[in-house]
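Novice: After the structure tokens below, expect a handful of questions from me.
The values are calculated or read from the model by the stated rules, or taken from the named source; none is laboratory data. Remember, predicted model here, so these are calculated numbers, not experimental data. Positions of Cβ are generated from backbone atoms using ideal geometry, with glycine treated the same way; all protein chains shown enter the neighbour counts.
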Amino acid sequence: MYLGRTASEMTINVNTIAIDSEYLKRDVKITLLMPEELISAEPFNLLVLNDGQEIENVRLAESLGILFETGMIKPVIVAAVHSGNDRLHEYGVAGHPDFKFRGSKAANYSKFITLELLPAIKKEIGIDDFGTSAFAGFSLGGLSAMDIAWHHPKLFNKTGVFSGSFWWRSKELGKGYTEADRIMHHVIRESKHKPELKFWLQTGTKDETADRNKNGIIDSIDDTVDIIKELEARGYTRPADIQYLELVGGTHSTATWAYALPKFLVWAFGR
């Protein structure tokens, strides 16, 4: 069914579908946002977004409408995937649960995205190929998005991570933990360069207060900067392949992510 639109969002249609997922053993709600007119001389682009239940809080439709109307972005269709009760297990790094065994269903979530969601979207909107396909998310959803994009660069060529949970670790603090135990860092370090992929990363200086190594820099920033270092060690460069946005006063909140979202959309789909 089509949902109501405000005057400021008149270029955006919002449609809800559900997928009975074999891999997740649940009905997955998807909110699709797309330009009112799908007819375009340009190829359409795709954004898959984790934590789709937050789209109102991050003002996604509003940002899309403004950016479309001002000609700042190319045509893009957004598939916002709503998380379920098992979010802490479905999100994470596939095959690498953390020290509390969270992320134990991340491999199944990856299969849902690649084998169920993408075919369903193409069938729903009648488009087989996209120009750019990006995957983005917030916090733990950002970690999940990057992991899936990293392992499927033929399906996603860009990824966006807002306040990503790059602290995700295989050992508990105080029980033999070292920085080498951060899971996504390890995955990148043990992988080859994937030339198809580009990365957009965001943190806020007030994302948290924790500072594991007592260097005066909060962990959220330290962990993200270290992800960038791992990517650079694999051959990626800034700013061609990696964009980093650090917001002074930015918090771990939908308000900060809503502010940053248009910047990501222009980076991913800008003209």
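Novice: With respect to Asp128, is the statement that it is surrounded by fewer than 17 Cβ atoms within 10 Å (Cβ to Cβ), touching a Lys or Arg at 6+ places or on another chain (Cβ under 9 Å) and without any contact (Cβ under 8 Å) to a residue 12 or more places away in the chain true?
Specialist: Yes; evaluated as a whole, the condition is true for this residue.
Novice: Still on this structure: Which count do you get for residues in region 189-242 that are in a strand (DSSP E or B), among the polar types (S, T, N, Q) and surrounded by fewer than 19 Cβ atoms within 10 Å (Cβ to Cβ)?
Specialist: Going through region 189-242 one residue at a time, the tally reaches 1.
Novice: Output yes when any residue across region 62-80 is assigned to a helix (DSSP H, G or I) and small (Gly, Ala, Ser), and no when none is.
Specialist: Yes: region 62-80 contains one or more residues that are assigned to a helix (DSSP H, G or I) and small (Gly, Ala, Ser).
Novice: Do we find that Leu261 is outside any loop (DSSP other than H, G, I, E, B) and in contact with a Leu (Cβ under 8 Å, 6 or more places away or on another chain) in this structure?
Specialist: Judged against the criteria, Leu261 is a match.
The rows are residues; the columns are (1) over 23 Å from Trp200 (Cα atoms); (2) among the aliphatic types (A, V, I, L, M); (3) part of a strand (DSSP E or B).
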residue: Lys29; (1), (2), (3): yes, no, yes
residue: Glu42; (1), (2), (3): yes, no, no
residue: Leu47; (1), (2), (3): no, yes, yes
residue: Gly92; (1), (2), (3): no, no, no
residue: Phe101; (1), (2), (3): yes, no, no
residue: Pro119; (1), (2), (3): yes, no, no
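Novice: Related question: How do the pairs read when you match residues in region 228-257 that are within 17 Å of Ala136 (Cβ to Cβ) with residues anywhere that are hydroxyl-bearing (Ser, Thr, Tyr) and not in a helix (DSSP H, G or I), using Cβ under 6 Å and keeping only pairs 6 or more apart or on different chains?
Specialist: Ile242/Tyr236; His252/Ser163
Novice: Considering only region 75-96, how many residues are more than 16 Å from the chain's Cα centre (by Cα) and under 16 Å from Asn13 (Cα atoms)?
Specialist: Of the residues in region 75-96, 1 are more than 16 Å from the chain's Cα centre (by Cα) and under 16 Å from Asn13 (Cα atoms).
Novice: Name the residues in region 197-235 that are of a type outside the set (A, V, I, L, M) and touching a Leu at 6+ places or on another chain (Cβ under 8 Å), would you?
Specialist: The answer is Phe199, Trp200, Gln202, Thr203, Gly204, Thr205, Arg212, Thr224.
Novice: Next up: Given the residues Gly235, Gly250, which is the only one that is out of contact with any helix residue (DSSP H, G or I) (no Cβ under 9 Å at 6 or more places or on another chain) and of a type in the set (Gly, Ala, Ser)?
Specialist: Gly235
Novice: Within the set of pairs 6+ apart or on separate chains, which have a first residue in region 145-172 that is on the phi > 0 side of the Ramachandran plot and touching a residue at least 40 places away in the same chain (Cβ under 8 Å), a second that is part of a loop (DSSP other than H, G, I, E, B) and among the acidic types (Asp, Glu), and C-beta atoms under 6 Å apart?
Specialist: Ser163/Asp207
Novice: Of the residues that sit in region 144-188 and are surrounded by 12 or more Cβ atoms within 10 Å (Cβ to Cβ) and small (Gly, Ala, Ser), which one is farthest from Tyr259 (Cα to Cα)?
Specialist: The extreme case among them is Ser170.
Novice: Condition first: within 26 Å of Phe162 (Cα to Cα), without any contact (Cβ under 8 Å) to a residue 24 or more places away in the chain and hydrophobic (A, V, I, L, M, F, W, C). Now tell me which residues in region 18-67 satisfy that.
Specialist: Ala18
Novice: Out of the residues in region 161-178 that are hydrophobic (A, V, I, L, M, F, W, C) and either at pLDDT 95 or above or assigned to a strand (DSSP E or B) (or both), which is nearest to the chain's Cα centre (by Cα)?
Specialist: Checking each candidate, the answer is Val161.
Novice: Specify the residue that is modelled with the lowest pLDDT; the eligible residues are those in region 63-98 that are among the acidic types (Asp, Glu) and surrounded by fewer than 18 Cβ atoms within 10 Å (Cβ to Cβ).
Specialist: Step by step, filter region 63-98, then rank; the result is Glu69.
Novice: Going residue by residue through region 104-112, is there one that turns out to be among the charged types (D, E, K, R) and within 17 Å of Phe138 (Cα to Cα)?
Specialist: No: zero hits.
Novice: Is at least one residue of region 15-36 at pLDDT below 95 and surrounded by 16 or more Cβ atoms within 10 Å (Cβ to Cβ)?
Specialist: Checked region 15-36: at least one residue is at pLDDT below 95 and surrounded by 16 or more Cβ atoms within 10 Å (Cβ to Cβ).
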